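What follows is a single structure, written as structure tokens, with notes after it.
The values are calculated or read from the model by the stated rules, or taken from the named source; none is laboratory data. None of the values given here were measured: they were computed from a predicted structure. No Cβ is skipped: glycine too gets one built from the backbone with ideal geometry, and neighbour counts run over all protein chains shown.
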Amino acid sequence: MIDNELTRIIRERRSIRKYRQEQITEEQLQTLLECGFLAPSGGNSQNWHITVVQSKDFLDKLSAANREHVLADKDLPQAIKNRFSQSGFSVAFGAPTVLFISAAGSDVNACFLAEHIVLAAESLGLGTCYLGGIMGFLRSEEGKSFIDEMDLPDGYEPLFGITVGIPDEKPDAKPRDYTKVNYLR
Ligand SMILES: Cc1cc2nc3c(=O)[nH]c(=O)nc-3n(C[C@H](O)[C@H](O)[C@H](O)COP(=O)(O)O)c2cc1C
């Protein structure tokens, strides 16, 4: 792989599931948002929306409600339930900021916006982790009030969250399969 600043950032990014408590700076936040909005979108439709959540109260309530929802699921393996039962469990891994990404219609453009944000965060020394698992709860009857609180524009549906904060761990790289490619040339 050619070594340059961007390829190094891509190579070194990991999903971070342990954060320091300090909030990211406003300048860092605005940089991430701007990098997101610079993503390409089909026909420049920009059919995306970001909800910045920096309310500890919101995230604590979301964690508690999500835990109740998970523990009530009879079909879920005990190992997963144990993870949710641990004291201090936070759905956002203790990250002080979560960006919820929403889309109106096709979600593909919002995914590009999200990955711009994730790579920009890595370049600023910040950690991120996508939160897709929580969507099952947010789309349930009990999760509706949290989506209502996000106050999304008409027609927008949340797709996933992205935790953002100062990393408090340095995980090893997960294995990748580099054979998922074929060539016509
Ligand atoms: C759409 C999407 C949803 C994800 N949802 C979760 C999640 O709910 N919880 C979690 O811990 N990690 C989640 N992840 C992170 C993946 O587990 C992670 O990207 C993968 O294991 C590879 O590890 P790496 O990001 O450190 O390279 C998600 C990633 C993506 C792209």
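Looking at the stretch 1-34 only, could you name the residues that are within 16 Å of the ligand (Cβ to nearest atom) and polar (S, T, N, Q)? Walk me through how you get there before you give the answer.
If we filter the stretch 1-34 for residues that are within 16 Å of the ligand (Cβ to nearest atom), which is where we start, we get 1, 7-19.
Hits for the stretch 1-34 are THR7, SER15.
Report the residue count in the stretch 136-185 for those that are in contact with a Leu (Cβ under 7 Å, 6 or more places away or on another chain) and assigned to a loop (DSSP other than H, G, I, E, B).
Within the stretch 136-185, residues that are in contact with a Leu (Cβ under 7 Å, 6 or more places away or on another chain) and assigned to a loop (DSSP other than H, G, I, E, B) number 1.
Would you mention how many residues in the stretch 163-185 are within 30 Å of GLU22 (Cα to Cα) and surrounded by fewer than 10 Cβ atoms within 10 Å (Cβ to Cβ)?
Going through the stretch 163-185 one residue at a time, the tally reaches 3.
Looking at (1) touching a helix residue (DSSP H, G or I) at 6+ places or on another chain (Cβ under 7 Å); (2) over 27 Å from ASP73 (Cβ atoms); (3) away from the ligand (no atom under 16 Å from the Cβ); (4) of a type outside the set (A, V, I, L, M), find the lone condition where ASN182 falls short.
The one condition ASN182 does not meet is (1).
Okay, residues lined up against (1) modelled with pLDDT of 95 or more; (2) surrounded by 16 or more Cβ atoms within 10 Å (Cβ to Cβ); (3) in a loop (DSSP other than H, G, I, E, B):
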site: THR7; (1), (2), (3): yes, no, no
site: ILE10; (1), (2), (3): yes, no, no
site: ARG17; (1), (2), (3): yes, yes, yes
site: ILE24; (1), (2), (3): yes, yes, yes
site: GLY36; (1), (2), (3): yes, yes, no
site: ARG67; (1), (2), (3): no, yes, no
site: ASP75; (1), (2), (3): no, no, yes
site: ARG83; (1), (2), (3): no, no, no
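Please tell me if GLY132 is under 23 Å from ILE80 (Cα atoms) and either β-branched (Val, Ile, Thr) or modelled with pLDDT of 95 or more (or both).
So GLY132 fits the description; yes.
Take the stretch 38-53 and flag every residue that is in a strand (DSSP E or B) and within 16 Å of the ligand (Cβ to nearest atom).
Initial filter on the stretch 38-53 (in a strand (DSSP E or B)): 48-53.
Of everything in the stretch 38-53, those that are in a strand (DSSP E or B) and within 16 Å of the ligand (Cβ to nearest atom) turn out to be TRP48, ILE50, VAL53.
This table checks each residue for (1) within 16 Å of the ligand (Cβ to nearest atom); (2) touching a residue at least 40 places away in the same chain (Cβ under 8 Å).
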residue: GLY36; (1), (2): yes, yes
residue: HIS69; (1), (2): yes, yes
residue: ARG83; (1), (2): yes, no
residue: SER87; (1), (2): no, no
residue: GLY105; (1), (2): no, yes
residue: THR128; (1), (2): yes, yes
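Which count do you get for residues in the stretch 137-162 that are of a type outside the set (D, E, K, R), within 24 Å of ARG17 (Cβ to Cβ) and without any contact (Cβ under 8 Å) to a residue 12 or more places away in the chain?
1
Answer yes or no as to whether GLY94 is more than 11 Å from the ligand (Cβ to nearest atom), at positive phi and either under 15 Å from the mean Cα position of the chain (by Cα) or at pLDDT 95 or above (or both).
So GLY94 passes the test.
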